[in-house]
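Contents: one structure, followed by commentary.
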Amino acid sequence: MILLVEDNEKIVKGLIYALEKENYQVLTANSIQDARKKINKKIDLIILDVSLPDGDGFTFYKEELKDIKTIFLTAKDSEDDIVNAFEMGALDYITKPFSTRELLARIKRILNDKKSNIVKISDITFDMDRLVVLKGNKEIKFSSLELKILQLLFININKVVTRENLCEHIWEWTGNDVYDNTITVYMKRIREKLGTDIIRTLKGIGYRIDYE
């Protein structure tokens, strides 16, 4: 989970799009006060502006964020500011205007070049590298196709996977024609095995799992 602390709406919108396209989960805050409410153990990285409406990002980092991986993203480009940030413990410092591609590359490097493929929603944990699903500490057994359907939903967390899209994927995976009621049957089986209501139905459209 990445927390983006930035008050420029244009930058926020652009980075949300870019980060979610890379399958990162993103929280945003437009002030220090707002950021404080959203800091929790699930935050893997903070992208932090220095000039915020209610305070200074350097001070905020020094006093409250030193235990969390942080990239400063700021218009302050003096040598003193850059040196100060690194001396405080920041992992990177990017000045505006900036390259989104470069920022993404630095994020991947900081997060060990690999985003965690273990996702937990409610009491369900999905290890997408090993294709193992746990409810608490107990593994749930799915068929190969059920696992692929569930993985597709997890890959697209917070996004709707349409019934049409599911039909297309199942056809690609199996080579069999897929009918609308086939999707309904598979989703019912998956939900019953999960035993936790994490899959939302958008009637006539598709399905979505939301990150808590």
Rolling a 1.4 angstrom probe over the protein heavy atoms, how many square angstrom per residue are accessible across the chain? 57
Two decimals is fine: what's Rg over Rh for segment 145-210, C-alpha atoms, Kirkwood radius as Rh? 0.92
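On the protein heavy atoms, probe 1.4 angstrom, tell me the percent of accessible surface of the chain carried by carbon and sulfur.
Accessible surface attributable to carbon and sulfur in the chain totals 47 percent.
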CD proxy at 222 nm, helix term only [per DSSP H run n ≥ 4: -39500 (n - 2.57); per residue of the chain; nearest 500]: -12000 deg cm²/dmol
Sorting LEU27, LEU194, TYR93 by the position of each Cα along the dipole of the chain (Lys, Arg +1; Asp, Glu -1; all at Cβ), the one nearest the positive end of that ordering is LEU194
Where the only charges are on Cβ atoms (+1 Lys, Arg; -1 Asp, Glu), what is the dipole of segment 131-207 about its Cα centre, to the nearest 20 debye? 400
If you keep only loop residues by DSSP, which trypsin sites (Lys or Arg not before Pro) in segment 104-171 have at most 16 other Cβ atoms within 10 Å of their Cβ? LYS114, LYS115, ARG130, LYS141, LYS159
Inter-label distance, nm, simple model (7 Å from Cα along the C-beta direction), LEU145/ASN8: 5.0
Largest first and rounded to whole Å, the semi-axes √(5λ) derived from the alpha carbon gyration tensor of segment 1-86 read 20, 15, 13
Write down the percent of antiparallel bridges among all DSSP beta bridges whose residues are both part of the chain, to the nearest 5. 55
Once the in-chain neighbours fewer than 8 apart are removed, the lysines whose Cα is under 24 Å from LYS42 read LYS13, LYS21, LYS62, LYS66, LYS69, LYS108, LYS114, LYS115, LYS120, LYS135, LYS138, LYS159
Lys, Arg +1 and Asp, Glu -1 on Cβ, resulting dipole of segment 77-212 about Cα centre, debye, nearest 20: 760
Give me D for segment 95-212 in µm² s⁻¹, whole number, from Stokes-Einstein with Rh from the Kirkwood sum over alpha-carbon pairs, 25 °C and 0.890 mPa s. 155
Rounded to 0.05, the calculated FRET efficiency for the beta carbons of ASN181 and ASP127 at R₀ = 22 Å is 0.10
With at most 15 neighbouring Cβ atoms within 10 Å, loop chymotrypsin sites (Phe, Trp or Tyr not before Pro) (DSSP) excluded, longest segment of the chain: 1-97
Trypsin sites (Lys or Arg not before Pro) restricted to segment 26-62 and DSSP loop, no more than 10 other C-beta within 10 Å: LYS41
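Give, to the nearest whole percent, the P(r) tail of the chain beyond 24 angstrom, counting all Cα pairs.
50
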What is the distance in Å between the Cα centroid of segment 123-172 and that of segment 48-91? 39
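The values are calculated or read from the model by the stated rules, or taken from the named source; none is laboratory data. Only a predicted model underlies this, so the values are computations on that prediction, with no experimental measurement involved. When we count neighbours, we look across all protein chains shown, and the Cβ atoms used for this are built from the backbone with ideal geometry, even at glycine. Surface accessibility is based on the protein's heavy atoms, side chains included, excluding ligands, DNA and RNA. Shrake-Rupley method; radii C 1.70, N 1.55, O 1.52, S 1.80 Å.
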